[in-house]
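Okay, so here's the structure we're looking at.
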Amino acid sequence: MTGSKTMGYRYRVYPNKEQQIFFAKTFGCCRFLYNKMLEDKQTYYKQTGKWLNCKPSDYYDAYPFLKEVDSRALKNTWLNLIKAYQNFFKNPNKNNFPKFKRKHISKDSYTTEQNKGRNTIRVTGNKINLPKVGLIKAVIHRPLPDGAVIKSATVTRTKSGKYYVSLTVEQAVKPCKPVQPNFDTTLGIDFSFRSFYVDSNGFSPGNPHFYCQLEEKLKREQKKLASKVKGSNNWIKQKIKIEKIQEKIKNRRKDFCHKLSREIADTYNTVCIEDFSLKEFAGSRQLGKSMFDCGFGMFRNFLKYKLAEQGKFLITIDKWFPSSQICNNCGYVNHNLKIDEKQWICPSCGLTLDRDINAALNIRSEGLKQICK
Ligand SMILES: [Zn+2]
């Protein structure tokens, strides 16, 4: 099995003053061009009923400052506007119409493409080279694999003033010998709101509500936002404050999911989980949302690729499999098990069963059954 896949590599960068100014200029020019083109298209449509074909270079004479930034970033902005229109045409409704980008509220970012002949985007030691910027100090915590081809780079400045460069890379898929699953190296996982999950060894990482405090704070700040006049200076300030908190929550959640999935993927050959997505999301929108916020989906995705990289397996069990109701010792099915029963005694074999551990053990057996078929 050989081929190639597209991967993203995100690095923290530390631009110097001059580079920061260039980034700010490029963010601004991209936003300006996007808005200008959108405005012109709208005006032209109102006047003629026709679609205006315009491209970045049409604006160079009237706005010469556009020539100072990366032209590929402007080209990308133009393509984004066309994409936004295409989305609207596909699903025409008011909410879908391309919106003007506003300073402070819209994301500070731009994407530039590789110049294949000159290799303008490249990683050299602890630096990243970008067109028209030159070498930028970076933390290369995860080096690009040998033979990787960089396609594009996206520069982002977060609301808290951190800079990141995300590289889109095409790399060869290494043929990986699949491992042989067996009982001892297989882990069953039962997701739970109380404790994130419980595994078949009875281990639980605990609920990732380490960001509970931050969430409380977020709610408070969101309430404050609602009391301000939309679009006013105070509103914008408050909005930025909220985005900073959201950024922090997102980072902590991601970090938690990365660490946990790395540990499991390095320890076990096979991991079995329930297909919770449909089951829970269908049940309750509120529940679905908090489940999503907990990072179950992110955790599962990280686990899946970290296992696959080593030729290991993630087995998904049918969402209708009654993992909690089966006694893992004798196979008795307890149809009367209530949702709030944490523990039950099997009427058939007399064993006391912890609801979550029992479910994780059943998920493991069921997964092994599937893979050894
Ligand atoms: Zn039993």
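All of the numbers you see were taken from the coordinates with simple rules; none came from a lab. Here the structure is a predicted model, which means the values were calculated and not measured. Glycine gets a Cβ as well: all are built from the backbone with ideal geometry, and neighbour counts include every protein chain shown.
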For the range 240-279 and the range 134-176, distance of Cα centres in Å
21
Could you work out how far helix 212-226 tilts from the main Cα principal axis of the chain, as a 0 to 90 degree angle to the nearest 10?
40
5 angstrom amide H check on T120, placed H, neighbours 5+ away
N115
Relative contact order for the chain: what is it in percent, counting Cα pairs under 8 Å that are at least 6 residues apart?
17
Separation of the range 34-54 and the range 306-357 by C-alpha centroid, Å?
60
Check cross-link reach from K177 to the lysines: straight Cα distance under 27 Å, and skip same-chain residues fewer than eight apart.
K5, K259, K304, K306, K312, K369, K373
Explain nothing, just compute: Karplus ³J(HN,Hα) = 6.51 cos²θ - 1.76 cosθ + 1.60, θ = phi - 60°, for every residue of the range 7-13 in order, whole Hz, x for Gly and Pro.
10, x, 10, 10, 10, 6, 10
How much of the DSSP beta bridge set in the range 183-371 is antiparallel, as a percent to the nearest 5?
45
Going highest first, how would you order 354-362, 215-223 by mean Cβ packing within 10 Å?
354-362, 215-223
The answer for C272, listing residues at least 5 apart or on another chain whose modeled amide H is closer than 5 Å to its amide H, is L187, G188, I189, I315
Estimated vicinal HN-Hα couplings, Hz - the range 14-22 in sequence order (Karplus 6.51, -1.76, 1.60; Gly, Pro = x):
10, x, 6, 3, 4, 5, 4, 5, 4
Which of the three applies to the range 125-197, rounded, prolate or oblate, going by the alpha-carbon gyration tensor with a ≥ b ≥ c and a/c under 1.5 meaning rounded?
oblate
Residue-wise HN-Hα coupling along the range 229-239, computed from phi with Karplus coefficients 6.51, -1.76, 1.60 (Hz; x: Gly, Pro):
6, 4, x, 6, 4, 5, 5, 4, 4, 5, 4
Antiparallel versus total DSSP beta bridges in the chain: what percent is that, nearest 5?
80
Between 0 and 90°, nearest 10: helix 355-371 axis offset from the chain longest Cα axis
80
Of Y60, Y85, S152, whose Cα points farthest to the positive end of the dipole of the range 4-172 (charges on the beta-carbon: +1 Lys, Arg; -1 Asp, Glu; origin at the Cα centre)?
Y85
Express the relative contact order of the range 4-172 as a whole percentage, based on alpha carbon pairs under 8 Å and six or more residues apart in sequence.
35
Cβ crowding within 10 Å averaged over residues, with 163-169, 133-139 ranked highest first
163-169, 133-139
In deg cm²/dmol and to the nearest 500, what is the mean residue ellipticity at 222 nm of the chain if only DSSP H runs of at least 4 residues count, each as -39500 (n - 2.57), divided by the residue total?
-13500 deg cm²/dmol
For the range 110-202 the mean separation of alpha carbon contacts under 8 Å (6+ apart) over residue count, i.e. relative contact order in percent, is 19
